[in-house]
Structure formats: C-alpha cells, structure tokens
Amino acid sequence: MRAIEIPMLALQRMLGVQRLAWVFLIPNLLLFGLFAFLPIFLNVIYALTGGDNILFADRPFIGGRNFDNLLDCGNYLDPNSCREDKFWRAVWNTAWFVTLQVGIMVGFSLLTAVVLNRDIRARGFFRSVFFFPVLLSPVVVALIWKWVLQREGVLNAFLDWVGIGGVNWLVDAQWAFAWSVFLTVWAHMGFYTLILLAGLQAIPRDVYEAATMDRASAWRTFTKITLPLLAPTLLVVLILALIRSVQTFDEVYAFTGGGPGTATTFIIQYIYEEGFAGAPRVWGMAAAASLLVAFVLVILTLIQLWVNRKSVDG
Amino acid sequence: MARVWEFLTATRGDKRLRWTDWVSYGYLLLGVFLMFFPVIWLVLSSFKTEADLLRYPPTFLPQQQQTMVVDGYEDPLPLFEMVGGEHEGKVLAQLRRVGLQAQMVDPANPSERLRVSIENYQPIEQFRLALENYTGLFERFNFLLYFWNSTFITVTATLIMLLTNSMAAFALSKYQFRGRTAVLLLVIGTLMIPQTVVLVPLFLIVSEMGMSNSLWGVIIPGAATPTGVFLLRQYMITIPDEILDAARMDKASEWKIFWRIIVPLSAPAIAVLAILAIMWRWNDFLWPLIVLTQSENFTLQLALNSFQGELRTDWASLLAMTVLTLLPIALVFTFLQKYIATGIASTGGK
C-alpha cells in the first residue's frame, strides 16, 4: 500500500487534513456519478429521442412521442386496445404479480417469524433453513424448480402416485404465473422473516407478561400487542418487498423465459427485450418505460426512507 | 433415539408440549422439507445417468443398471432378472431388444441365445453415482473458463468495492468538511437508482469506455453501492475520535490512520459487506447478460441460462453445472451463516 501512501501524503501537505476528505471520497463519487447519476440524465435524453442507434449524434429528437406510444390506449385495463400492447401486458402482469407475491410473501414471513419467536428448540437451525434459499442465485433457483416441475418431474410423479393426474405446469399460462409467484416467495421470504424476527425480539418481554397477568387470549395478545408494536418493521418489510418485487426479472426469466406467450413477461423483461434482446433495438422506448418504473420506485423509496426515519426517531 | 425425542419434545421448561407447539413444529418441519427437498432432489439427480434421468416415475437415489462382461462379447451387457416365463429366477444378459422381444444370453452358457418377452424381465440395478456428469463438464464444456470469469468478477469487484466504500465511509464519518451533508444526500439519492432502471444509458457509458463485452464492464459499474457506504459509515462513527487524535500526535499521515487504524477496527463491518458483495456479484445476472455477449466471457450464471436452451436434452450436464454453481455459496453459507444473517438484517439487503 506504499504506492498509495506516498501520493496521499503529498496531497495531505497540499490540501490540509480536512480537505483531504474529498480525496477519500473521489473514487466512490466518481463511480456514483458515472454509473448512477449520469445515466439518469442520459435516460431522459434517450426517452425523448428516436431511432435505433445508441449514439446521440444519430438520434433525432422526437419529444414525448415515446411516452405517447407507451400510453396510447383505448382502455388501460385491456392491453389489446393499446398501441404498445406488449408494454401493457407487462404492466398488468407486473401489477398482479407484485400484489400477489408481496402479499403472500409478507404473510408467510410474518407467520414464520412468529413461530420462530416462540420457545422453540433448534431455533438457529430452523432460522437458517428458511434463510438458505436467499443465498442461491436466481438462475439456480429457476433451474431447481424447473427440474422439480417438468412434465416428468418429481412433483408430477408424486401426484400420479397419489392418484391425482399431473399437470404440464409450465405450459399452462395460469400455472406458470402461479409457480413464478411461488418461486419468488420461496427464494426471498427468508430475508424478510429475518428482519421481522429482529423486530419481534425487540418487543419488550414485560409487555407480554402484563398481558398474561390480565389473562389476555393468545389471539388478543397478537392483535393488540404484537401487531401494533411490530407495525413499523412490518411497514419497512412491506416497502422493501414492493421495491424488489417491481424489479423482478432474473428468476422468472430463467424459469419461464416470460412465457407461455406473455403470461410471465414483467416490466423489466419488456425493457430488456426492447433495448437489448430484439432487433431493431428500440432504446427510446426502453428508456421511456424505465423512466416510468423509476418514477414508481422513487416514490416507494421515499416512503421507505420516511418510514425508516420515523421508526428510528421514535 | 431417546435423546432425539427429548430434544424434540422438551420445551417451556419441564412442561408438556401444548397443541400450539405441535403446530409450530409441524409448520417448521414442513418448511425444512419445502426449503431443502428441491435442492436435495437436484443434487441427487445430478448424479444420475442420462438414462436414469429419463425414467418416469423417477427413483430417489441414483441407480444404474448392472452390467457384466460375457465371454465372446466385447462390451459389457446389461443384466436382467427373469420374473416369469420359462427362465424364471435366472439372471440373463441382454444382447439387444427388438420391440417387445429381447435377445438374451445366459452368462453361464454364453453360446446359446435365448428369446424372452420383455414383460418377463426386470433390470438389476444398483446405487451408483454418475460422476461422469461432472468430469464431462471439464472435458466437453468450457466450465473452468466460466468458473474463472465468475471468480474473477466476484473477487475484483468485491475488492474494489470494499476499498472505495470504506474510503468514502471514512471521509463521511471522521471529517468535518463543507459539503458533507450534500455528499450524504447524494449517497442516499443513489439508493433510489437501481441498475434495472438505467440499463440503456449505463450500457452506452460502459461501451463508450470500451468495456462492453469485457469483464471490467461488469466489475466497475457494480462497485458503486450506497449500501456499503452506509453500513461502513454507521460502524466507523462508533470508533472514538481520540484514537485518531492520538495517531495524529504521533505524526501519522491520514492515509496511515485510515489503513492502519480505521480499516482493522472496522473489520467486522467490512467482513459483513464482503460476504454481501461476494453474494451479489456471484449471483448477478441481468447486468452481465447485457454486457457480456460473447460466450467466452460468460459467467457461470449466464452459461447456465444459455445452456438450458441449447442442452435441452442434456439435463445430466446442466444439473451437474447447477450444483457446481451453488456449491461455493452453500459453503459460504455453512461457514458464515451467523454473520450473513445479522449482516443482511442490518443492511436491509441490496
């Protein structure tokens, strides 16, 4: 590390101690600027220009036409009436997916956290069991379940053995969607369980002792004590899960490829296909769509920061 | 056995199990099954031969048909046990099968050929791991190349990230300078910009810098994480300033203070961030998918994904490759499980 130490010492003599802070900051700020802030501004330019060339010199300015195209719909509830029907299919798939996935996942995370918070033997073991899939890569998660769910897979073999006929799970649109929800819940719930468990353990014991003295029923204790005291943590978990869910791509793309048809094509996959997978590459549309996603995510993140601040303060 | 029972039943001091305890344990055991069985099934399947994989209904353990070298035949012949017909009870080797009839030979008397209906025989099988699925990966595919690409990206990106993030965290926690609040706000702002929404311009920047289709194009943009700066800053704030002042009295340079004092003292936080970074980079998919278009630059994740299209019939290789991809993470998990859990809970993930 002498190679860094000598120039740093020279800079310290030149700038003084307090201003040296900027030198420590520069590498990181450079990365943030170049790969986080600059892209945001460039994204706006892309969204306002057309053509299939990635270089700005060859991109004609077209104003809000990309947004007009995306938002041109006879009826927003029916993708078929939209000019960019693929986009709206992805939007509605994502909306349904987020609603179901976040609801189910937070519900099961809460249930698991409550069970793990009981006087349970081998709690550490059970906790890590639920956490294990969080570490797996999306592609591995997708392949594991693809292997289990394939036509002649172990689940169908079990169903045959029980006497219920198997289903070709990933060929049926509704089943493929349902399994996509299941798979993402499977892969991520351990993470939220962990945060909720930490929240539960932060609730003081004496509150529960008082409730036991008053002979409150278990259900009453749960709804009147646990839930209100856990509410801030639950809210953080809910918003974190929402932010993550809106961005779902990897698992489902490796699992179904967005199919059958467009049954599991979500909004990030739409952006990926418009900009990177298809030909011609419609950068403008991809950028416009990602600005709309960014808008949703910024709102969710602001809510999260606000909630975090409130729960930290009080 | 008694100890296991004691372990499972003893709870709430010496009281007996209540029904809620039974429900809890039932739920948790179902959880263990759901979380582990698919993974175990995949690992077991990866040791099956191609023929065994195609079998329906599947068997739990990898099995292979027993074979035997019979006099007069070069290749080993598969063995069958007769369960009906005139040869019932004998063990015969199969020469070939035509429709519902098989040509068999008795190993004890190889000169005579027998005709047998396939209804009357059952294959003799034994437990055997098809290790060739794994060795084949090294012989037939560029597995080592993908493994190297993934490892290179993970290690380099993690090191760069740890260095730049801890430097920034040091500046933000131990110096009073003008513009500190502005920088902190900037870092928070970065939290709001996930890579998924700036894909198009990010790709332009990376390719203009000549890094498209290179591993550096994956490494460098991934090194900017606000989470890391936050995590480390929160930790460094707790290091008392007196230590720094004492070092300054001894004429230590600021870099020496950072490198010799702050970094070693922040080791626990840096370790947590390192584990997170390794996990993120190793498992990363979307950004490498965009940057790396030539297969010799593929990471393991990309190779796995593209192979599942190309090798539709070759599940044996695909499963073996999947197991090798999840192995490093599973090892990290077993050894560092305690730290990972607390680390992730305290940072709120990515």
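Here are a few things to note about the model shown:
- Shielding value for B:158-171 is 4, the average number of Cβ atoms from other chains within 10 Å of each residue's Cβ.
- If you sort A:Ile271, A:Ile303 by accessible surface, 1.4 Å probe, largest first, the order is A:Ile303, A:Ile271.
- Accessible surface of A:Phe158 - all protein chains present, 1.4 Å probe, nearest 10 Å²: 110 Å²
- Looking at segment A:73-232, the pairs of alpha carbons with a distance over 22 Å make up 60% of the total.
- An ellipsoid equivalent to chain A, defined through the eigenvalues of its Cα gyration tensor, has semi-axes of 38, 34, 21 Å when rounded to whole angstrom and sorted largest first.
- For A:Ile62, the residues whose modelled amide H falls within less than 5 Å of its own, excluding neighbours fewer than 5 places apart on the same chain, are A:Thr49, A:Gly50.
- Over the Cα atoms of segment A:194-260, the radius of gyration divided by the Kirkwood radius equals 1.26; this is the Rg/Rh ratio.
- A P(r) calculated from all alpha carbon pairs of the protein assembly as shown, with 10 Å bins opening at zero, reads 3, 13, 21, 23, 18, 12, 7, 3, 1, 0, 0 percent.
- Extension gain, A:Leu229 back to A:Ala3 (0.36 nm per residue minus Cα-Cα distance, nm): 76.1 nm
- Prolate/oblate/rounded call for segment B:142-208, Cα gyration tensor, a/c under 1.5 rounded: oblate
- 10 Å Cβ neighbours from other chains, averaged over peptide A:15-23: 5
- Per-residue HN-Hα couplings for segment B:200-213 [Karplus 6.51, -1.76, 1.60; θ = phi - 60°; Hz; x = Gly/Pro]: 5, x, 4, 5, 4, 4, 5, 6, 5, 7, x, 10, 6, 6
- Neighbouring Cβ atoms from other chains, within 10 Å of the Cβ of residues in A:140-151, number 6 on average.
- With all protein chains modelled, accessible area of A:Lys86 [1.4 Å, Å²]: 70 Å²
- Accessible surface buried once B binds A (1.4 Å probe; total of both sides; Å²): 9100 Å²
- Square roots of five times the Cα gyration tensor eigenvalues for segment B:182-332, Å: 39, 20, 13
- Fluctuation leader among B:Leu319, B:Leu163, B:Leu30 - chain B, Gaussian network, Cα springs under 10 angstrom: B:Leu30
- Altogether, the Stokes-Einstein calculation at 4 °C and 1.567 mPa s, with the Kirkwood radius of segment A:176-314 over Cα pairs as Rh, returns a diffusion coefficient of 72 µm²/s.
- Distance between the modelled labels on A:Ile62 and B:Asp71, one decimal in nanometres: 8.2 nm (7 Å Cα→Cβ projection).
- Inter-site label distance for A:Asp72 and A:Ala202 at 7 Å from Cα along Cβ, in nm: 5.0 nm
- D (Stokes-Einstein, µm²/s), Kirkwood Cα radius, chain B, 0.692 mPa s at 37 °C: 127 µm²/s
- The listed residues A:Arg83, A:Arg215, A:Arg59 rank as A:Arg215, A:Arg83, A:Arg59 when sorted by accessible area, largest first, using a 1.4 Å probe.
- Rounded to the nearest angstrom and listed largest first, the equivalent-ellipsoid semi-axes of segment B:105-226 from its Cα gyration tensor are 62, 17, 15.
- Each part reduced to its alpha carbon centroid, segment B:139-161 and segment B:176-238 end up 22 Å apart.
- Two-site FRET efficiency, B:Arg55 against A:Leu111, from Cβ-Cβ distance with R₀ of 30 Å, rounded to 0.05: 0.20
- Within the accessible area of chain B (1.4 Å probe), percent carbon and sulfur: 62 percent
- The mean of 1/r over all pairs of different alpha-carbon atoms in segment A:75-125, once inverted, gives a Kirkwood hydrodynamic radius of 13.7 Å.
- Shape of segment B:83-172 from the C-alpha gyration tensor: prolate (a/c of 1.5 or more and a/b above b/c, with a ≥ b ≥ c the square roots of its eigenvalues).
- Residues B:Leu202, B:Leu184, ordered by accessible area of protein heavy atoms at a 1.4 angstrom probe radius and largest first, appear as B:Leu184, B:Leu202.
- Solvent accessible area, Å² - A:Ile104, 1.4 Å probe, full protein context: 70 Å²
- Other residues within the sphere of radius under 12 Å centred on the Cβ of A:Ala142, judged by their own Cβ, net out at -1 (K and R +1, D and E -1).
- Using a Förster distance of 30 Å, the FRET efficiency for B:Leu336-B:Arg260 (Cβ separation, nearest 0.05): 0.70
- Global form of segment A:1-142, assessed from the alpha-carbon gyration tensor, a/c cut-off 1.5: oblate
The values are calculated or read from the model by the stated rules, or taken from the named source; none is laboratory data. Just so we're clear, the structure is a prediction, and the values are computed from it rather than from any experiment. So basically every Cβ, Gly included, is an ideal-geometry build from the backbone, and we count neighbours across all protein chains shown. When the accessible area is computed, the model is the full protein with side chains, heavy atoms only, and any ligands, DNA or RNA have been set aside. Shrake-Rupley method; radii C 1.70, N 1.55, O 1.52, S 1.80 Å.
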